[in-house]
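The structure appears below as structure tokens.
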Amino acid sequence: QVPNVRWSDIGGLGEAQERLKEGVELPLRNPDAFRRMGIRPAKGFLHYGPPGTGKTLLAKAVAKEAEANFIAIKSSDLLSKWYGESEQQIARLFARARQVAPCVIFIDEIDSLVPARGTGQSEPQVTARVVNTILAEMDGLEELQSVIVIGATNRPALVDPALLRPGRFDELVYVGTPDAAGREHILRIHTRNMPLAPAVDLGALAARAERYTGADLEDVGRRAGLIAI
């Protein structure tokens, strides 16, 4: 499905937004530009940063703005206790993405699906086979047009290093906490349907909310509304 999140629904993530516009939206909307230059577009993006900063929201927005289909997957959907089933699920996922291209595959909490091989944190054979399958599928994307993989994690050190090389996850996008202007923008987004008193100064609130993430700021608005009710 195509998500209903637009760039206008996201605040405080200007740099990450620009990188996704260049890396995802541009090649999906204008593939001829890349052919003229004789280069390939990026195949994968890894969003990393603290929890609640908007990594999932960015993936939804870029799929919407690029008018691409969006397949969101949790690690638990792909891991199975049956031998060989996990690899089949991943192969089916990529096959489905090829059929509905242009398509963005979004894998949330990717560190639990593709941990570094040999770490022994979980049942080792399963995760090692899953990593190998994803590596093969992403390398096989060479002739696939218009399929982009986006992963999100708040623990990038746990992801298998082989996935982080160019040709798989080409771009590592840090999604950090917003600055004061970004915090004010996020507060405006979350309070646009709220009846605010004239005395409410969102700029002053944003200045006091240093190191708050987007999720924290949304909770501030929600709690204010709850107190008013």
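The values are calculated or read from the model by the stated rules, or taken from the named source; none is laboratory data. Quick caveat: nothing in here was measured; it's all calculated off a predicted structure. All Cβ positions, even for glycine, are placed from backbone atoms using ideal geometry, and neighbour counts span all protein chains on display. Accessible surface is based on the protein model in full, side chains and every heavy atom, while ligands, DNA and RNA are left aside. Shrake-Rupley method; radii C 1.70, N 1.55, O 1.52, S 1.80 Å.
A few comments on the model shown:
- Under DSSP loop assignment and at most 11 Cβ neighbours within 10 Å, longest trypsin sites (Lys or Arg not before Pro)-free interval of the chain: 82-191
- Among the GluC sites (Glu not before Pro) in segment 134-217, those placed in a DSSP loop whose Cβ has at most 16 other Cβ atoms within 10 Å are Glu210.
- Candidate lysines - alpha carbon under 17 Å from Lys64, same-chain residues fewer than 8 apart omitted: Lys21, Lys55
- Where GluC sites (Glu not before Pro) fall in DSSP loop in segment 1-103, at most 16 other Cβ within 10 Å: Glu67
- Between segment 176-229 and segment 95-116, the alpha-carbon center distance in angstrom: 33 Å
- Approximating the spin labels as points 7 Å out from Cα along Cα→Cβ, the Arg211-to-Ile229 distance works out to 3.1 nm.
- Residues of the chain were split at every exposed loop site, defined as chymotrypsin sites (Phe, Trp or Tyr not before Pro) in a DSSP loop with at most 12 other C-beta atoms within 10 angstrom, and the longest piece left, sites excluded, is 84-229.
- Accessible area of segment 131-194 belonging to carbon and sulfur atoms, whole % at 1.4 Å probe: 50 percent
- By the rule of a C-alpha distance below 15 Å, with chain neighbours fewer than 8 residues away ignored, the aspartates and glutamates paired with Lys43 are Glu22, Glu25, Glu137, Asp139, Glu142, Glu143, Asp170, Glu171.
- Among (i) 44, 39, 30; (ii) 60, 46, 27; (iii) 65, 43, 33, the entry derived from the coordinates for Cα extents along the principal axes in Å: (ii)
- In the context of the full set of protein chains, residues of segment 140-199 present 53 Å² of accessible surface per residue (probe radius 1.4 Å, heavy atoms only).
- Based on Cα atoms of segment 95-229, Rg over Rh with Rh as the Kirkwood radius reads 1.14.
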